[in-house]
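A quick write-up on the structure given underneath.
Read the figures in this text as sums done on the coordinates, not as results from a lab. Worth saying up front: this structure is predicted, and the values here are computed from it rather than measured. We place every Cβ from the backbone using ideal geometry, glycine too, and count neighbours over all the protein chains shown.
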Amino acid sequence: MSRLIVVSNRVNPPTGKGDESVGGLAMALAAALREYSGLWFGWSGKTTPEFTGQLAMQRIDGVTVATVDLEEADYDEYYNGYANKTLWPLFHYRADLTAYDRAYGEGYERVNCRFAETLRPLIEPDDMVWIHDYHLIPLARELRKLGVENRIGFFLHIPWPAHQLFTTLPGHRPLVEALFDYDLVGFQTAEFQQAFEEYVISEADGEHVGPHCLKAFGRTLHVGSYPIGMDASDFGKMMKSARAARMRDLMTAATVFRQLIVGVDRLDYSKGLEERFLGFERLLIDNPDLRREVLMLQIAPPSREGVEAYQEIRARLDALSGRINGEFSDIDWAPFRYVNKNYRRDELAGIYCASKVGLVTPLRDGMNLVCKEYVAAQNPEDPGVLVLSRFAGAARQMKEALLVNPNSPEEIAEALKQALAMDKSERIRRWRALFENVQREDVTAWRDAFVADLAGTAEKLKALAS
Ligand code: F6P
């Protein structure tokens, strides 16, 4: 079996203690590497005044973890800049927040070059290299320049935007051209894959030369959609932990005679938190009888705090949560708990289990693993209801959730009302179908499908040529 090298901007290998943060990518990659005794390469999370290129190597749970520090200017221009002020907002349909700055683009190219130079000596001839997410689109191109001929795959964890929107990005063409240095590019959903193909065909004179195979820029590229799943077996174990049970009991005791609605998201404008808060407020306005019956808990650990748009959304959410509580609280109760703190995954599992509704309403999301974990945490005999945005990639698989337009506080309020009133037999019926999907299409199935396709790309090319 070839060794698997996984590359991602953020590398946080699991501690095995369940204390990892919100953000599904790192958990998924750790699970993906299991059984491969592979290598995981990326940023250490630290910065130094100048780039040193020095590798820190550790062996964790059978996986070699190799990290490198970024230079302070890289952090500003590549991470905060091009990745999180340009690509992230644009790919999440926030053209209004998208900043175009030449220095950001230069920083992005520079870091991809530096990553390639640092990673190059670690690559052996039979390795398969799997690169993740929007931070690292040009990495294969830089590795090819250094003579790497190995199979290299790329997986985009976030949405690929519609063709017309993508063309608003200065330098959109070279970015797509860089993707043609991979053997396989994977998307979360068929819709994102289609948007990419549309771009290649209409903007780069591309053509289909076989099933899931595109030709453009004088090269041939395989594409596919691979919906990422959660680590179902690990989560199952965590559900049985004492810590999860303690948290479940604590939350159950805190909400006796009341129904708990829970949301858990990184504090990001793409997560639809303002609209969600307004949806909860609308529920309270329209249903005075529910006011003492429900409690909403929103956990939102701060994220990317160096980026202004994140500071601004935080300030708006502070004001909105204060307003809702000020408006509806009484001396002996308050309807809303808004917590800017990170919780361990096992604690979150306990909180999900104690809640009647999981409210997951991103305005755009590549996949969203919180909704899958919410489902996995439910008591099969008395499960809660998932209210899910139709614009999360997961909505394609999770059709038995109550699907809503996350831009509409009215729709959110209606779905909450329906969820809170849903009888047990319907809750069980919906939950069974969701749980079956979450278990079947888990992270191992995702990894295996992608890696098998990456391994098979050479044969497919041969077959096309003959
Ligand atoms: O899932 C998208 C993603 O950007 C991942 O690449 C990343 O690890 C996660 O969200 C959290 O974001 P950040 O690494 O910027 O804290």
For ASP448 and ILE285, compute 0.36 nm times the residue count separating them, minus their Cα-Cα distance, and round to one decimal in nm.
-> 53.9 nm
What is the gain in length, in nm to one decimal, between TYR100 and ASN325 on full extension, counting 0.36 nm per residue of separation less the C-alpha to C-alpha distance?
-> 77.2 nm
Given a Förster radius of 56 Å and the C-beta distance between LEU146 and SER425 as r, what FRET efficiency does 1/(1 + (r/R0)^6) yield to the nearest 0.05?
-> 0.40
Linear extension gain, ASP61 paired with ARG219, 0.36 nm per residue minus alpha-carbon span = 53.1 nm
On the first, second and third principal axes, largest extent first, how far apart are the outermost C-alpha atoms of region 78-164 in Å?
-> 44, 25, 18
What chymotrypsin sites (Phe, Trp or Tyr not before Pro) in region 199-306 are in a loop by DSSP, with at most 14 other Cβ atoms within 10 Å of the Cβ?
-> PHE257
Percentage relative contact order, region 232-440, counting C-alpha pairs under 8 Å, at least six apart | 26 percent
XL table LYS341/LYS399; LYS356/LYS417; LYS237/LYS271; Cα-Cα > 20 Å flagged, in table order, is LYS341/LYS399; LYS237/LYS271
Rg over Rh [alpha-carbon atoms, Kirkwood Rh] for the chain | 0.97
Diffusion coefficient in µm²/s returned for region 232-440 by Stokes-Einstein, Kirkwood Rh over C-alpha pairs, 25 °C and 0.890 mPa s, is 144 µm²/s
Rounded to the nearest 500 deg cm²/dmol, what is the calculated helix-only ellipticity per residue at 222 nm for the chain, with -39500 (n - 2.57) per DSSP H run of length n ≥ 4?
-> -12500 deg cm²/dmol
Measure off 7 Å from each Cα along the Cα-to-Cβ vector at SER408 and ARG173, then give the distance between these two points in nanometres to one decimal.
-> 4.1 nm
